[in-house]
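Enquirer: To start, I am sharing the structure in question, which I have written as structure tokens.
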Amino acid sequence: MSEHQAAAPAAADPRFRADVLAGLAMRPRAIPARWFYDRRGSELFEEITRLPEYYPTRTETALLHRAVPEVARLCGPGRAVVEFGSGSSAKTPILLGGIAPAAYVPIDISGDFLRDSAAELQQAFPTLPVLPLEADFLRPVTLPGAVDGQPKLGFFPGSTIGNMEPLAAVDLLRAMRGSLGEGAQLLIGIDRVKPETVLVPAYDDAQGVTAAFNCNLLERINRELEGTIPVAHFVHRAVWNDAASRIEMHLEARRDLRFTVAGQSFEIGAGETIHTENSHKYGERGARVLLRAGGWTPIGEWSDDQGWFALILAEA
Ligand code: AVJ
């Protein structure tokens, strides 16, 4: 989409505004990755998941197909499945179809996507109670009363945990443990460390879809926060930070720029960046230690032949 094309006016989320204004004033500049996912960003992410270079989605989906009979055996029937950040996952029906759940509670910060994907799921599983919950799952959440007394199975696919710094990841895992309660289990997808020659192209694809996904954040700022960011003067960067075991995405200014967002002025020098995403990768043992630090004991683990991605079932 051209940056000159008229965009439908969208009501700005005050949390988005606060994160952007604080993030642009900070050094280094950084905006949380959660704000990628407006309509356009979610569409672009869907496109990313189909790219030849982007291995995580297809690897995890194949793993889930393989794992689900054993997951069913380990978790038993009658659990309420609580999915954290359910944008529009194709993985959910694989899990729900394989384990005889008592209910399904998708939790998402964005009510729009949540209602759409919940309605779609309800059609596929007409007799399953589907109870969407609009909430920020980074904090402990109160689940709908209808699932009180049912043991919970948390579902957190996609290696979304990788977006968080390890300290925040541990906080999140502990918050999930609190939200899910006594006797809970968690099925989580975690992306593994692998050669940089595989990782970097997965976040900097030949077709430029990931670049468009990254730049859409600036376009979203322009659309929703009355921004004047000259998007065409930024370039997408994906770099492997070995010390921190993560892929970082940045938007680099190609020249000295000035712009305004929500009436506030900002400057960025040529070659300086806005850090937009971290995607942490964990080793086999590191992933298990992370879960234990968050209060979860692994009881089952599945990985692909190349060891590129892991699905771990853990109990509180
Ligand atoms: C949805 C957070 C798992 O980190 O791989 C894909 C997001 N960013 N390409 C990831 C993403 C760029 C993705 N997660």
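The values are calculated or read from the model by the stated rules, or taken from the named source; none is laboratory data. It should be emphasised that the depicted structure is a prediction, and the values quoted were computed from it without experimental measurement. Neighbour counts are summed over all protein chains in view; Cβ atoms, including those assigned to glycine, are modelled from backbone coordinates with ideal geometry.
Enquirer: Being under 24 Å from Gln185 (Cβ atoms), away from the ligand (no atom under 16 Å from the Cβ) and exposed (fewer than 14 other Cβ atoms within 10 Å of the Cβ) narrows it down to one of Ala90, Ala124, so name that one. Walk me through how you get there before you give the answer.
Expert: Values: Ala90 fails: away from the ligand (no atom under 16 Å from the Cβ).
Just one listed residue meets the conditions, Ala124.
Enquirer: Scan the range 135-148 for residues that are exposed (fewer than 15 other Cβ atoms within 10 Å of the Cβ) and at pLDDT below 95 and jot them down.
Expert: If the condition is that a residue be exposed (fewer than 15 other Cβ atoms within 10 Å of the Cβ) and at pLDDT below 95, then Asp136, Arg139, Pro140 are the ones that fit.
Enquirer: Go through (1) surrounded by 21 or more Cβ atoms within 10 Å (Cβ to Cβ); (2) modelled with pLDDT of 95 or more and name the single condition Asp108 misses.
Expert: (2)
Enquirer: How do the strands (runs of 3 or more DSSP E) wholly within the range 263-316 filter down when requiring 3 or more residues that are more than 22 Å from Arg177 (Cβ to Cβ): which remain?
Expert: 264-268, 273-280
Enquirer: Taking only the range 245-272 into account, find how many residues are away from the ligand (no atom under 13 Å from the Cβ), free of Cβ contacts under 8 Å to residues at least 40 places away in the same chain and surrounded by 13 or more Cβ atoms within 10 Å (Cβ to Cβ).
Expert: 5
Enquirer: Restricting attention to the range 193-206, report how many residues are within 12 Å of the ligand (Cβ to nearest atom) and within 14 Å of Arg246 (Cβ to Cβ).
Expert: Count: 4.
Enquirer: Can you tell me which residues in the range 41-63 are in a helix (DSSP H, G or I), within 10 Å of the ligand (Cβ to nearest atom), in contact with an Asp or Glu (Cβ under 8 Å, 6 or more places away or on another chain) and of a type in the set (A, V, I, L, M, F, W, C)?
Expert: Answer for the range 41-63, where residues must be in a helix (DSSP H, G or I), within 10 Å of the ligand (Cβ to nearest atom), in contact with an Asp or Glu (Cβ under 8 Å, 6 or more places away or on another chain) and of a type in the set (A, V, I, L, M, F, W, C): just Ile48.
Enquirer: Given the criterion polar (S, T, N, Q), in a helix (DSSP H, G or I) and within 16 Å of the chain's Cα centre (by Cα), identify the matching residue among Ser117, Ser89.
Expert: So the residue among Ser117, Ser89 that is polar (S, T, N, Q), in a helix (DSSP H, G or I) and within 16 Å of the chain's Cα centre (by Cα) is Ser117.
Enquirer: Assuming Val198 fulfils every condition listed in (1) β-branched (Val, Ile, Thr); (2) surrounded by 15 or more Cβ atoms within 10 Å (Cβ to Cβ); (3) over 15 Å from the mean Cα position of the chain (by Cα) apart from one, which condition is it?
Expert: (2)
Enquirer: Return the total of residues in the range 130-158 being out of contact with any strand residue (DSSP E or B) (no Cβ under 7 Å at 6 or more places or on another chain) and touching a residue at least 60 places away in the same chain (Cβ under 8 Å).
Expert: Number of matching residues: 1.
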